[in-house]
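The values are calculated or read from the model by the stated rules, or taken from the named source; none is laboratory data. Please read all numbers here as calculations on a predicted model, not as lab measurements. Cβ coordinates were reconstructed from backbone atoms using ideal geometry, including for glycine residues, and neighbour counts include every protein chain displayed.
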Amino acid sequence: MADLTPTPDRPGLHVSKPSPNAPPTGSAVCHCGATATATGDAQVKALVEGYTSNHGPAHHRTEARR
Ligand SMILES: [Zn+2]
């Protein structure tokens, strides 16, 4: 199985739930250098929302406005 965890070479957002009884985990790496990890439903949700609104595609929106 491929390693889907984002790295600086392959930035992105990845969320996984290893087993039904384990909390979900998430990791995000942005091309700007920001990295974050989260464990548990609330933290993963915050990670996804923060990454989506501040990093990844959001950088393109900011640059387009200049
Ligand atoms: Zn970023």
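Just the residues that are part of a loop (DSSP other than H, G, I, E, B), closer than 18 Å to L4 by Cβ and of a type in the set (G, A, S), please, taken from region 16-34.
S19, A22 - these are the residues of region 16-34 that are part of a loop (DSSP other than H, G, I, E, B), closer than 18 Å to L4 by Cβ and of a type in the set (G, A, S).
Working only within region 1-31, note down all residues that are free of Cβ contacts under 8 Å to residues at least 12 places away in the same chain and either over 24 Å from H59 (Cβ atoms) or under 8 Å from the mean Cα position of the chain (by Cα) (or both).
Passing the criteria: M1, A2, D3, K17, P18, S19, P20, N21, A22.
Checking the condition modelled with pLDDT of 95 or more and away from the ligand (no atom under 11 Å from the Cβ), which residue from A28, A22, A42, A36 passes?
Residue meeting the stated conditions: A42.
Out of T5, T52, T37, report the one residue that is hydroxyl-bearing (S, T, Y) and part of a loop (DSSP other than H, G, I, E, B).
Exactly one of T5, T52, T37 is hydroxyl-bearing (S, T, Y) and part of a loop (DSSP other than H, G, I, E, B), namely T5.
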